[in-house]
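What follows is a set of notes on a single structure, which appears directly below.
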Amino acid sequence: MRCLYAQLHFPELALEALGSDYQITKIAVHDGQKIIQASEQALNDGIFPGMTLNMAITLSPLLNVRPQQPKKQEQLLYRLAHWAYQYSHQVAIRNHGLCLEVAKSEQLFGALPEIYNALTQSAKKAGRPMQLAFGHTPEMADIFLKQGICPLPNTFQKCLEHTTIEACEISQAHIQRLNNMGFRTLKDYFEAPGRARQKRLPRIEYQYLEAVSGQHSSPLKWFEPPPLFDQSIEFFKGLENEKMLRLPMERLTQEAENWLRKRQMATSNILWDFKMENGHDTPLRIRLNQPETHAQAFIDPSSLKLAHCFGVSPIIAVRLRIQEIVQTIPKRNDLFLKYHDSDRHQLIDRLKARLGEQAITTPCRIADPRPEKANQCLRKPQSAKMPILSPRPIWLIKTPLALGSSPEKSGYQLLQGPERIETGWWDSEPTCRSYWISLTRSDRVAWIYQDLHHKTWWLAGWFA
Amino acid sequence: MKAISLQSLIDDGRLWKGGSSPEIAIKSSGFQALDQSLAGGGWPAHMLIEILTSSPEELPMQCILKTWQLQQDERWYVLVNPPYQPCAEGLIQANLKPEQIDLIRANPKDTSWCLEQMAGSPAIASILAWGIEKIRTPQLRRLQLACQQARTQLFLIRPLNARANASPAPLRAQLHKIDSGFTIEIFKQPAANAHPIIEIKNDLEWLLKPAPAMRKIVTQSIHKRLQ
């Protein structure tokens, strides 16, 4: 199988690296002297790439002009490599863009047009402009990308033949030299005998043109996903409410989902960091009911807890980290199942995020002979084996109500009993009680007990 | 005068013809007399049911416990803001699975949101909710829609004065305490007319058969009351 590469170019990479909200900002990036990229709002003001810096500032005094930041561009490309990794197992950061090996991806995604559609639609969904071209070598893909065309393998040769020498990334002196020799297009060049071509150009330029023709390929350094997830998004204008933050958070959780899926891992613990304009950081840790992979499972509880993070200062950057991961447990796929476990876990996560950890409990039976200790409501269900017991009420009264020295005087008629519980000598809460089932004047069945030390009666619960 | 067709409302399930048999999923209430009065023969399985009572800490659980005992649903059951703490041993003896029951304590501000989340979750079978003093009609409508979409049953316990206000809940009933048990009046239900008030007696016969280790103290007068 012959290699196939896709070269991805992001025309607004320098802008996006500075802040993800560049599309709604009048901003341009310069290299010290000239404008290299301008946002749509800046373009509407007549700013265009190639314009001098002074001219741009004169033309649009309110223009936000920033120098390009190669380090931030590199970080963004690294984030984009994560995204591209779902389409190919071999992704490289090269030539201010990404290079993907797609020959093997055809088995998973279908023919090249389908891979093209998958990549472009995914980029479009993320609101990120992207250009793409295929080639047998990354250099061949570069040439097509430069011309703004995206041929398929059966037309690679034809398109190459029509490519002018000027389109190649070789120095102007060598272009001139080849032109003087009568080579106007790559077809002219490749028709010349191999030894003649080698003689007329230095080794590097010769090898580059051989790579363009698909005859030689330079080695690539493939991207390796890091062992932990740590990505962030920055903004030009500070975000002042939860609604504005929702979109970047969704983008980060989607990337976290892709990262987890690739590893067949899940996490129950994610950590957000919100960087404020005043320099403070606000961390927000989300603990889920069970390890999850889906972005939705992360975003729902995060959004509910987010209100606490907005203080006096707007948020200028959001960072998402995943430091604990566990192996994904395959889901039960039962045809007759009315719901999935994930439905319940996601519901519990949402409720916990809004109501607090303590708000959701389950009635549990603990192995203890004292009824008030045996029946507790706990956050994590547990159940001890139940011995044969006398009837127990449906409801327990958390703090028993005093009935005085005689239940009859309080209107409680004794019916069944006594159930003597004398225990708890091993801790500081020894119990010595006689429990009775009794009937109130209004025919309500109550569970009462007599404290045998103090000879007082107490209401402990109600039978429904 | 322009004639307006009601067919679209009937098709949407927002309007019922009185006396027709509705095609709704039901779950038996566990009381024969009550089942006969309920359209379809039981509590609607996927609807908002309003229970109005002046004894919220006593009657709703007496009324609902049997329907929960009869349901063989693998989904979860929820108690929202119950008046007391549920007793796991008592629930096991009543043939319920405590590990399948969630207990939720929500403050009044969050209760409506919390109910909507649960009513809209396919993982929940039935909810019994206290602590709703004031709720607006659009919120009730949202709860009803959530119940229909996720096939959830929601019993909402409300005070008696709520009866004076219209409600989008398809089924509304009033519970009243009497000496021998309670009465239930179903004053609104889908596809059925009003029924007379039903009297449900407390099942106290089990008290006459004490557990092996227990002594029975039942006087003649009590015996009469229990029977």
> From the residues in the range A:301-322 that are surrounded by 12 or more Cβ atoms within 10 Å (Cβ to Cβ) and at pLDDT below 85, which one is farthest from the other protein chains (Cβ to nearest Cβ)?
Replying inline: A:Ser313
> Name the pairs: first residue in the range B:109-121 and more than 7 Å from chain A (Cβ to nearest Cβ), second residue assigned to a loop (DSSP other than H, G, I, E, B) and surrounded by fewer than 24 Cβ atoms within 10 Å (Cβ to Cβ), Cβ to Cβ under 7 Å, at least 6 apart or on different chains?
Replying inline: B:Thr111/B:Asn81; B:Thr111/B:Gly131; B:Thr111/B:Ile132; B:Ser112/B:Ile135
> Any idea which residue in the range A:418-444 is nearest to the other protein chains (Cβ to nearest Cβ), counting only those that are in contact (Cβ under 8 Å) with a residue 40 or more places away in the chain and more than 13 Å from A:Glu408 (Cα to Cα)?
Replying inline: A:Tyr435
>> Can you say whether B:Lys209 is within 22 Å of B:Thr67 (Cβ to Cβ) and within 13 Å of another protein chain (Cβ to nearest Cβ), as far as the supplied structure shows?
In response: no
> Restricted to the range A:342-374, and to residues that are of a type outside the set (A, V, I, L, M, F, W, C), open to solvent by less than 10 Å² (accessible area, probe 1.4 Å) and part of a helix (DSSP H, G or I), which residue is nearest to the other protein chains (Cβ to nearest Cβ)?
Replying inline: A:Pro371
> Any idea how many residues of the range A:1-21 are out of contact with any Asp or Glu (no Cβ under 6 Å at 6 or more places or on another chain) and more than 30 Å from A:Ser218 (Cβ to Cβ)?
Replying inline: 3
> Looking at A:Ser217, A:Ser213, which one is touching a helix residue (DSSP H, G or I) at 6+ places or on another chain (Cβ under 8 Å), modelled with pLDDT under 85, on the phi < 0 side of the Ramachandran plot and surrounded by 14 or more Cβ atoms within 10 Å (Cβ to Cβ)?
Replying inline: A:Ser217
> Across the range A:192-236, what is the total count of residues that are among the hydroxyl-bearing types (Ser, Thr, Tyr) and within 17 Å of A:Glu255 (Cβ to Cβ)?
Replying inline: 1
> Taking A:Tyr339 and the conditions (1) at pLDDT 85 or above; (2) open to solvent by less than 20 Å² (accessible area, probe 1.4 Å); (3) closer than 20 Å to B:Leu115 by Cβ, which numbered condition does it fall short on, given that it satisfies the others?
Replying inline: (1)
>> For the range A:391-428, which positions are in a loop (DSSP other than H, G, I, E, B) and surrounded by 18 or more Cβ atoms within 10 Å (Cβ to Cβ)?
In response: A:Pro391, A:Arg392, A:Pro393, A:Ile394, A:Pro407
> With the range A:26-88 as the region, which helices (runs of 4 or more DSSP H) entirely inside it contain at least 1 residues that are touching a Phe, Trp or Tyr at 6+ places or on another chain (Cβ under 6 Å)?
Replying inline: A:70-84
>> With the requirement that a residue be open to solvent by 30 Å² or more (accessible area, probe 1.4 Å) and under 19 Å from A:Phe144 (Cβ atoms), what does the range A:189-206 give you?
In response: A:Phe190
>> Of everything in the range B:68-98, what is part of a helix (DSSP H, G or I) and either of a type in the set (Ser, Thr, Tyr) or surrounded by 17 or more Cβ atoms within 10 Å (Cβ to Cβ) (or both)? Give them in sequence order.
In response: B:Trp68, B:Ala88, B:Glu89, B:Gly90, B:Leu91, B:Ile92, B:Gln93, B:Pro98
> If you go through the range A:379-393, how many residues are farther than 11 Å from A:Ala460 by Cα and at the interface with chain B (Cβ under 10 Å from one of its Cβ atoms)?
Replying inline: 10
> Inside the range B:99-108, can you point out the residues that are more than 7 Å from chain A (Cβ to nearest Cβ) and assigned to a loop (DSSP other than H, G, I, E, B)?
Replying inline: B:Asn107
> Quick one: in the range B:142-180, which of the residues that are free of Cβ contacts under 8 Å to residues at least 60 places away in the same chain and within 18 Å of B:Cys63 (Cβ to Cβ) is most open to solvent (accessible area, probe 1.4 Å)?
Replying inline: B:Asp179
> free of Cβ contacts under 8 Å to residues at least 24 places away in the same chain, open to solvent by 10 Å² or more (accessible area, probe 1.4 Å) and touching a Lys or Arg at 6+ places or on another chain (Cβ under 6 Å): does that describe A:Asp281?
Replying inline: yes
> Can you spot a residue in the range B:126-138 that is part of a helix (DSSP H, G or I), without any contact (Cβ under 8 Å) to a residue 12 or more places away in the chain and away from chain A (no Cβ under 11 Å)?
Replying inline: yes
>> Looking only at helices (runs of 4 or more DSSP H) that lie completely in the range A:92-170, which have at least 2 residues being out of contact with any helix residue (DSSP H, G or I) (no Cβ under 7 Å at 6 or more places or on another chain) and open to solvent by 20 Å² or more (accessible area, probe 1.4 Å)?
In response: A:106-109, A:112-125, A:156-161
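The values are calculated or read from the model by the stated rules, or taken from the named source; none is laboratory data. Note that the structure is a prediction, hence the values are computed from the model and not measured. Note: ideal-geometry Cβ built from the backbone for every residue, glycine included; neighbour counts use all protein chains shown. Just so you know, the surface numbers come from the protein's heavy atoms only, side chains and all, with ligands and any DNA or RNA stripped out. Shrake-Rupley method; radii C 1.70, N 1.55, O 1.52, S 1.80 Å.
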